[in-house]
């Protein structure tokens, strides 16, 4: 497992979460993507009345990174209310660009779970019971 500042990366994802635009789901998400050169690319979820136009935080981080010529990644921290895994579209984007990435799922209390991308792919995404 590569060495990196897990707490620092999670803090950046939590800070990005505060910038999310989530008026429909009321479920803001932030992410911080660590490139192999040490740069961190952060992103927040941006919703739209047309759900197909939404950009999730992990997807946004990869869009920003790849458009700036980053191609190698070490870790991705995703901050949500409950520490949920990314949606299916985000999983596909992550798998495309970083199949061996370390994923940190952090909740708003700062508690986290560290997973391989293979483990994330096997983790269900969906609504939580009330």
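The values are calculated or read from the model by the stated rules, or taken from the named source; none is laboratory data. The model shown is predicted, which means the values in this text are computed figures rather than measured ones. Every residue, glycine among them, receives a Cβ derived from its backbone with ideal geometry; neighbour counts consider all protein chains shown.
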- Item | Test: residue 32 is at negative phi, in contact with a strand residue (DSSP E or B) (Cβ under 9 Å, 6 or more places away or on another chain), crowded, with 21+ Cβ neighbours inside 10 Å and in contact (Cβ under 8 Å) with a residue 24 or more places away in the chain | yes
- Task: Please list, ordered by first then second residue, the pairs with beta carbon atoms under 8 Å, 6 or more apart or interchain, first in region 14-26 and in contact (Cβ under 8 Å) with a residue 60 or more places away in the chain and at negative phi, second part of a loop (DSSP other than H, G, I, E, B) and surrounded by fewer than 13 Cβ atoms within 10 Å (Cβ to Cβ).
- Result: 14/110
- Inside region 1-48, the number of residues satisfying the requirement of being modelled with pLDDT under 95 and either within 12 Å of residue 74 (Cα to Cα) or in a strand (DSSP E or B) (or both) is 4
- Message: Tell me whether region 114-123 contains one or more residues that are surrounded by 19 or more Cβ atoms within 10 Å (Cβ to Cβ), closer than 16 Å to residue 36 by Cβ and within 14 Å of the chain's Cα centre (by Cα).
- Response: no
- Query: Can you name the residue in region 1-13 that is touching a residue at least 12 places away in the same chain (Cβ under 8 Å) and over 17 Å from residue 109 (Cα atoms) and, of all such residues, is surrounded by the most Cβ atoms within 10 Å (Cβ to Cβ)?
  - Reply: 4
- Count of residues meeting criterion [within 15 Å of residue 64 (Cβ to Cβ) and more than 14 Å from the chain's Cα centre (by Cα)] in region 1-18: 0
- Task: Those residues that are outside any loop (DSSP other than H, G, I, E, B), in contact (Cβ under 8 Å) with a residue 24 or more places away in the chain and surrounded by fewer than 16 Cβ atoms within 10 Å (Cβ to Cβ), I need them from region 71-95; list them, please.
- Result: 82, 88, 89, 95
- Does region 15-26 hold any residues that are touching a strand residue (DSSP E or B) at 6+ places or on another chain (Cβ under 9 Å) and surrounded by fewer than 17 Cβ atoms within 10 Å (Cβ to Cβ), and which are they? 15, 18, 19, 21, 22
